[in-house]
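Student: Got a structure for you, written out below as structure tokens; questions coming shortly.
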Amino acid sequence: EETSKDSPKDIIYSISIRALSELREIENSYMEHLTNFASSLQHKVDVLKVFIDSVTYESNGGKADRIRYVSNPLNFFRLVRRTHEDWSKLITFIRDQKSVNVHIEEMHKLVNRTPNSEDMQEALLGMDRIEHFYDLKSSDMANGLVSDQQLQRAAQWYRLALNAISEPQNNIFCSVDHLSDYMKELSQDPGLPLVHLKAKPIATAVERGCRGKFPPGPQLVCRYNSTSTPFMRYAPLKQEEISRNPLIWLYHDVIYDSEIAQLKNLTRDEMIQGITDNYTTPGKASRLFHLKATDDDGGKLDKALVNRMADISGLDVGNTTSLARINYGLGGYFPEHSDYTDLKMHPASNLWYTEELIEEGDRLITFLFYMTDVPVGGATIFPEAEIAIQPKKGSALFWYNLHNNCEPNPLTRHAVCPMTVGSRWVLVKSMLNYDHMFKKPCYK
Ligand SMILES: O=C(O)CCC(=O)C(=O)O
Ligand SMILES: [Fe+2]
């Protein structure tokens, strides 16, 4: 994917949980100022009330009443003091807005950091994606990977989000035949099923995978690998062969909680927006997630992780330690793509990494470390190979993108299912071909 550095003004919050948590922080701050603003106003009102209560006055008092009032020496003195001193002081007090203006200004600053309309659009599309990917309206909800209850909740957010906008400005309404009926439905009890939607198109392979409808794979044995490299002999790893073609392995407990905590310790500012590129996912570029990529001079932890990948795979990982840490948002997904670029097919490609690929060979291997559990949604899907992997904290997936003869293997095309609950963090590294020319084991 391509990346771009976004300025604070055009942050898209919806595409990562990290950014959304920043938005929540902004809201907390706004609420604090609003609360203080309200209590400052309340204080003013309280002071005015005390003054008002201290003055007994008759709204319809006649001339005789007024004379009676000022004939009392105490009243006479109070009247003079009030009108001479208190009135102008009160006006000064009322006019002095410093204590409330501070809060208004702060709230103004926060308004500049709120989501723009594209972000709102992104959030709605995310909700729409959750609904159609998981086929939320159907009663025969996939039971395996997809939990009915949690997805129902997602559908309710979706309805609430749609309900919040009165005017349909969104292309997601294109699927709606009876718009006004549909809008009416939106205001009803979220427990009622929605009926005014067009007949659903036939599910794509990715959608079927995301709904847990891929056939179960062969019962492959999970075993400890203590042979592939010297490292494995003293630190055997639980490994699972997921598939032979494409060759995919899953390893368990390969990244420690302390390492994960360190890797996820990023502010939104340190992360950039990941965007689809025209090569792997043709069409309009879409925003995917927020990521932090570290390059060659990655720190100690990066080096340790890359060495671990070398130990796991038995491959020379080269000198580069470039790693990407990725955080997805709700409804966020990664459309089907390949990690290889297939330069033969796209010789004129002007992607920034083309030169590297020509020199170093295409992306041979992808390593994917899961840094969070994702119990529902958010699976990594290989639609052509009909494989779905549910992220499990500490696990790593490892696959070959190329055949032995270095030709791209289209069965490795993959996607990430829309996120429905929680925060999804992964660590990704691709390894280029030429680094491994002499070490790559023959697997055919
Ligand atoms: O997040 C995932 O499961 C896959 C990420 C991916 O496909 C990529 O970064 O190329
Ligand atoms: Fe990928």
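Student: Give L364, L301, L351, L291 a once-over and let me know the one that is within 15 Å of ligand 2 (Cβ to nearest atom), modelled with pLDDT of 85 or more and surrounded by 15 or more Cβ atoms within 10 Å (Cβ to Cβ).
Tutor: L291
Student: Here's a check for you: in region 243-279, which residue that is at pLDDT 90 or above, aliphatic (A, V, I, L, M) and in a strand (DSSP E or B) is surrounded by the fewest Cβ atoms within 10 Å (Cβ to Cβ)?
Tutor: Once the filter is applied, the top-ranked residue is I272.
Student: What is the residue count in region 396-424 for residues that are farther than 30 Å from M127 by Cβ, in a strand (DSSP E or B) and aliphatic (A, V, I, L, M)?
Tutor: 2
Student: For region 19-32, state whether one or more residues are surrounded by 11 or more Cβ atoms within 10 Å (Cβ to Cβ), within 30 Å of W425 (Cβ to Cβ) and either touching a strand residue (DSSP E or B) at 6+ places or on another chain (Cβ under 6 Å) or aromatic (F, W, Y) (or both).
Tutor: Yes.
Student: Sort out which residues of region 97-125 are within 13 Å of S29 (Cβ to Cβ) and in contact with a Pro (Cβ under 8 Å, 6 or more places away or on another chain), and write them in order of number.
Tutor: R113
Every residue, every condition in (1) assigned by TED's automatic domain parsing to the domain that holds V254; (2) within 13 Å of ligand 2 (Cβ to nearest atom); (3) crowded, with 20+ Cβ neighbours inside 10 Å, yes or no:
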residue	(1), (2), (3)
G378	yes, no, yes
E386	yes, no, no
Q390	yes, no, no
E407	yes, no, no
V416	yes, yes, yes
L427	yes, yes, yes
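Student: Now for a separate question. Could you pull out the residue among V70, V55, V100 that is in contact (Cβ under 8 Å) with a residue 60 or more places away in the chain, among the aliphatic types (A, V, I, L, M) and surrounded by 10 or more Cβ atoms within 10 Å (Cβ to Cβ)?
Tutor: Details: V70 fails: in contact (Cβ under 8 Å) with a residue 60 or more places away in the chain; V55 fails: in contact (Cβ under 8 Å) with a residue 60 or more places away in the chain.
Unique residue meeting the criteria: V100.
Student: In this structure, is I91 of a type outside the set (S, T, N, Q), part of a helix (DSSP H, G or I) and without any contact (Cβ under 8 Å) to a residue 40 or more places away in the chain? Walk me through it before giving the result.
Tutor: On the way: of a type outside the set (S, T, N, Q): yes; part of a helix (DSSP H, G or I): yes; without any contact (Cβ under 8 Å) to a residue 40 or more places away in the chain: yes.
Criteria met by I91.
Residue-by-condition table, conditions (1) in a loop (DSSP other than H, G, I, E, B); (2) at pLDDT 70 or above; (3) out of contact with any Cys (no Cβ under 6 Å at 6 or more places or on another chain):
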| position | (1), (2), (3) |
| --- | --- |
| E356 | no, no, yes |
| G394 | yes, yes, yes |
| V426 | no, yes, yes |
| K444 | yes, no, yes |
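Student: Here is a follow-up. What number of residues in region 103-139 are buried (at least 17 other Cβ atoms within 10 Å of the Cβ), assigned to a loop (DSSP other than H, G, I, E, B) and not acidic (D, E)?
Tutor: Residues meeting the conditions: 3.
Student: Taking the conditions exactly as written (under 30 Å from I15 (Cβ atoms) and either within 16 Å of ligand 2 (Cβ to nearest atom) or at pLDDT below 90 (or both)), does N401 satisfy them or not?
Tutor: Judged against the criteria, N401 is a match.
The values are calculated or read from the model by the stated rules, or taken from the named source; none is laboratory data. Values in this document were obtained by computation on a predicted structure and should not be read as measured data. Using ideal geometry, Cβ is built from the backbone for each residue, glycine included, and neighbour counts are taken over all protein chains shown.
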